[in-house]
Structure formats: structure tokens, C-alpha cells
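The values are calculated or read from the model by the stated rules, or taken from the named source; none is laboratory data. This is a predicted model, so every value here is computed, not measured. Counting neighbours? That spans all protein chains shown, and the Cβs are built from the backbone with ideal geometry, glycine included. The area values use the complete protein model at the heavy-atom level, side chains included, leaving out ligands, DNA and RNA. Shrake-Rupley method; radii C 1.70, N 1.55, O 1.52, S 1.80 Å.
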Amino acid sequence: MGLRRDARRGVKFVQNVLRSRRAQRRLAEMLAERPPLEPHHYRIGVYFADGKVNLYQLRQWYQPLVRLAEQHPVLILSRASGAALALLDESPLPVAYVRRVADLEQVIHDQDLHVVFYVNQNAKNFQMMRYGRRWHVFINHGESDKMYMTTNQFKAYDYALIAGDAARTRLEKVLWDYDFDKRAIPIGRPQADHYLDGSPLPYTPDDRDVVLYAPTWEGDRGAAAYGSIASHGVALVNSLLANGRHRVIYRPHPRSGVVDHDYGAANRAIIQAIAAANAADPTAQHVYDDGPSLGWQLAAADVAIVDISAMVYDRLAAGRPLLVTLPVNADAQIDTGGYLSACEWLEAADGDAMAARVDEVTHDEAALQRLGFWVERYFGDTTPGVTTARFHAAVDHLMAEWERFAALHAGDPEVEEHDAEGEAAEQSDDVEVD
């Protein structure tokens, strides 16, 4: 059994190497077709060292960054070939492929990056963070009450842009001797200002209640077993499809089924059920959504059903009815100090019972009032445009601080920034495991 497992791993590694080399060739072709980046133009870099499987972490920042780029030009720095290929195809922002440290240093030399944003905690972040005379700012890829949101790694960055009071309270419990007033800047959720952005809906609105079901993946351990596709999803969606009163938008996590075969099978069963329901009644216009854009789903749905994940807080920022699935795994860790202590739970049950719970929460005024309290707690003022203004004000502040310190150190000698040791330590192949 061990030999078979090792053989499979070996085959997968070889496949990944071949895929990476094909990506390198395609990247070289694409980059050769593009004009070089305008020198000394970009002031903000968005550093992304992950592969394409985690591009969802960056995609949610596209529209806020496009708006920001109107004032401060923004450049995405991609370290992995698969992600870079996808970004060159889809990103509304310019992209620099910086596979090697030498490539990264060339961009740093050619541009005047005052601020560098980070959307995750990839270990390769430190290959960028070694370069001083600029602000390194953690912006994260979503708000939640997960342990990830209280990591001591926040201290590694010059600043962190956080959502609001809940985030600060969460961090104050674990970060010792951290200057929150200076380094943790609350901005709300600027993505929420772009949830719709005038995009056409993939269905024609009618009198059906639109239900967004956006579960997470199954997790790689019991403590993080939050996924509900197998426990709740099949029965829930089948019931919603059958009653004629609902339109389902199904948006599963892209990693659904990577660990648990049964979970993947349940995911496929839901997708097939949606296709069958649409074939039987084309006016139903149920949606299986696996597209790169996240936003319209959160704003358009009358009620959202999500698992314990960042999606809870993405929907919370929309301020509309929300149900959170209660994990069936007894080992799943649930934070009881924030919104999850007072949220509307959806327990696993037969499909009709869960559909009735969906109807109850969709039209419950008391639940909406409770929701409003937590929206304010997590994101502050969610009036359209306010959170974008706070984001821009935070960046303007960082730019002003950069100018202030640049003036203070104008007479300092040049600093050698070449990282020979880091260059030597890099792998010869840029291998992505998807």
C-alpha cells in the first residue's frame, strides 16, 4: 500500500513538473507579446506567491484595487507560473511574473513601490518583505473568526488593514505589545461596494426567493471539518429545487472533494440535480456558479446559506439574511466569541425541514435586526461608498507616511538589496501542486 502511494506521489510530481514547464513556455510566449512595464510608474505592488488554486484570495481584491489604481498605480507580482498565466488572461490590473528573486529585484529596481500588499501568509512573503524603504501591508483575503485571523504573523508587517471592531478585539486577545492605533487600520469591506457593479444577472428576476448556497470544502482535519455538501447540501438543494418557490445559486469551494471522495461525489450530485431541474423547467434558471467573480451572488440572493468560512463575513457585509450550517463533525472548532455566538444556524435534517428554515429566516424581521448589530460590529458603516473611501484614506495615509520618511532619510547612502543567498536557495523548477 505504501509503495502504491509513493508511486502515485511520484507520478503526480512528474506531472506537475511537466505542467510547470509547459506553463513556463506559454508564459514566455505571452510575455514576449506584451510591451514592457512602464518604468517608475507603479506605486503599489500586490505580492502573490501562491499557485492558481488560491487565486480566489486575490480575485476578490480586483475591483477595489482597480478603483484604487485610478489614484495610485497598482502592479500584481506573481511568483508561480500557473497563477501568472491565469492572471495574464483575467486580471484587470497589470501583472509582473517574478519567478526568481532576481526577477523580483528587477521589478523593485525598475518601479517605485511605496506600498506592498499581501493577501495571505505564504512563506515566500518573506522573500519580498526583506526589502525595506517601503511599507509591507497585510490586507488578507477575507474577514472571519478563524484561528488564521489571530496569527502572530500580523506583527511581521508594517501595517494591517482590518475590517473593524471585531477584528481588532480578536487580535487584541493574542498580540502582545502591538500598537493597534498605529498599525491596525480599520477599513470595512471595500469589496462590498463592488458586489454588483452593474453586472447582468445570469437569470431573470421573478417572484422566486433566490437562495445562495456557498459551502466550503471538506477540510483536511476534524477541527476544520466545516464543509456541509455531504451532510446538508444534497438534501437541502434537492428540496429547494423541487418546491418551485426558490431559485438556487450553487457556488461550492473550488477545492471541494480534494480530500474526501464522498464529498466530491455529493458535490457532483448537486451539480447534476441543478442541470436536471433546469432541463425540466427552463424558467427556473437555477445557477451552478464556478466562475472567478464573487460579489453579485452575495448581493443578489434573498438569503445565503454558507459554511463556517470567510463566506460568512463576505455575506455579512451585504447586510442581508444569512444562515450558517452547523457542522456535523463533533471535532469541528466553532468560535463562540463573535458572530457565530448569535448567528442563525442551519442544522442537518431532512430537506423539507431545512427548506422551511430557509423560508423562516428569509422573512424574519427580528433576525434582520440581530444581523444589523453584527454588520456594524464587523464592518462599521456599510453605506455604499463609505468603505471604499476608508480604504483610499488608509492608502493615502500610508503614502504620506512614505513621503515623510523618505524626506527624513533623503541623505542616507544607497543600500545593496541583492539577495544572493535567497537566489541560490530557489528551486530550479517552479512546480505548482493543484
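If I ask for residues that are touching a strand residue (DSSP E or B) at 6+ places or on another chain (Cβ under 9 Å) and in contact (Cβ under 8 Å) with a residue 60 or more places away in the chain, which ones from segment 348-378 would you list? ALA348, MET354, ALA355, VAL358, ASP359, THR362, listed by residue number. Every condition in (1) open to solvent by 30 Å² or more (accessible area, probe 1.4 Å); (2) outside any helix (DSSP H, G or I); (3) touching a strand residue (DSSP E or B) at 6+ places or on another chain (Cβ under 9 Å) holds for ARG168 except the one numbered (2). Look at segment 256-268: where a residue is farther than 20 Å from VAL287 by Cβ and a partner is part of a helix (DSSP H, G or I) and not small (Gly, Ala, Ser), sitting 6+ places away or on another chain with Cβ atoms under 6 Å, you get TYR263/ILE229.
With the requirement that a residue be open to solvent by less than 20 Å² (accessible area, probe 1.4 Å) and outside any helix (DSSP H, G or I), what does segment 339-348 give you? Explain how you work it out, then say what you get.
Within segment 339-348, the first condition is being open to solvent by less than 20 Å² (accessible area, probe 1.4 Å), and the residues that meet it are 339-340, 343, 346.
Matches in segment 339-348: CYS343, LEU346.
VAL375 meets each of the listed conditions (1) more than 30 Å from LEU87 (Cα to Cα); (2) open to solvent by less than 30 Å² (accessible area, probe 1.4 Å); (3) outside any helix (DSSP H, G or I); (4) not acidic (Asp, Glu) apart from (3). You will find that of ARG268, ARG247, the residue that is farther than 19 Å from ASN54 by Cα, in a strand (DSSP E or B) and at pLDDT 95 or above is ARG247 and no other.
Yes or no, residue by residue, for (1) under 26 Å from PRO190 (Cβ atoms); (2) of a type in the set (Phe, Trp, Tyr); (3) more than 24 Å from the chain's Cα centre (by Cα); (4) assigned to a strand (DSSP E or B):
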| position | (1), (2), (3), (4) |
| --- | --- |
| GLN24 | no, no, yes, no |
| LEU37 | yes, no, yes, no |
| TYR42 | yes, yes, no, no |
| VAL46 | yes, no, no, yes |
| GLN63 | yes, no, no, no |
| HIS72 | yes, no, no, no |
| LEU75 | yes, no, no, yes |
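Among residues of segment 110-154 being part of a loop (DSSP other than H, G, I, E, B) and aliphatic (A, V, I, L, M), the one that is farthest from GLY45 (Cα to Cα) is ALA123. Residues being on the phi < 0 side of the Ramachandran plot, in contact (Cβ under 8 Å) with a residue 60 or more places away in the chain and surrounded by 23 or more Cβ atoms within 10 Å (Cβ to Cβ) are represented in segment 289-298 by at least one member. Screening THR336 with (1) free of Cβ contacts under 8 Å to residues at least 12 places away in the same chain; (2) assigned to a helix (DSSP H, G or I) gives one miss only, at (2). Sort out which residues of segment 67-85 are surrounded by fewer than 23 Cβ atoms within 10 Å (Cβ to Cβ) and out of contact with any strand residue (DSSP E or B) (no Cβ under 8 Å at 6 or more places or on another chain), and write them in order of number. Selection gives ARG67, GLU70, GLN71, LEU85.
Contact map, segment 121-133: residues that are under 22 Å from PHE405 (Cβ atoms) paired with residues that are part of a loop (DSSP other than H, G, I, E, B), Cβ distance under 7 Å, separation 6+ or inter-chain. Pairs shown: ASN125/ALA49; ARG130/ASP419; TYR131/GLU417. Here is the figure for segment 66-112: residues that are under 27 Å from ALA393 (Cβ atoms), in contact (Cβ under 8 Å) with a residue 60 or more places away in the chain and in contact with a Phe, Trp or Tyr (Cβ under 8 Å, 6 or more places away or on another chain) total 4. Selection over segment 179-195 of residues that are in a loop (DSSP other than H, G, I, E, B) and either surrounded by fewer than 16 Cβ atoms within 10 Å (Cβ to Cβ) or at positive phi (or both) gives a count of 2. LEU88 - would you say it is more than 22 Å from GLU403 (Cβ to Cβ), touching an Asp or Glu at 6+ places or on another chain (Cβ under 9 Å) and either at pLDDT below 95 or open to solvent by 10 Å² or more (accessible area, probe 1.4 Å) (or both)? Judged against the criteria, LEU88 is not a match.
Could you tell me how many of the residues in segment 304-333 are assigned to a loop (DSSP other than H, G, I, E, B), buried (at least 17 other Cβ atoms within 10 Å of the Cβ) and among the hydrophobic types (A, V, I, L, M, F, W, C)? Looking only at that region, the number is 5.
Within segment 349-367, can you find the residues that are open to solvent by less than 60 Å² (accessible area, probe 1.4 Å) and more than 26 Å from MET149 (Cβ to Cβ)? Let's see the steps before the verdict.
We begin by selecting, within segment 349-367, every residue open to solvent by less than 60 Å² (accessible area, probe 1.4 Å); these are 349, 351, 353-359, 361-362, 364, 366-367.
Scanning segment 349-367 gives ALA349, GLY351, ALA353, MET354, ALA355, ALA356, ARG357, VAL358, ASP359, THR362, ASP364, ALA366.
Evaluate segment 156-163: report whether one residue or more is farther than 27 Å from GLN333 by Cβ and assigned to a loop (DSSP other than H, G, I, E, B).
Kept after step one, since they are farther than 27 Å from GLN333 by Cβ, are these residues of segment 156-163: 158-159.
Adding the requirement that they be assigned to a loop (DSSP other than H, G, I, E, B) leaves 158.
Taking every residue of segment 156-163 in turn, at least one turns out to be farther than 27 Å from GLN333 by Cβ and assigned to a loop (DSSP other than H, G, I, E, B).
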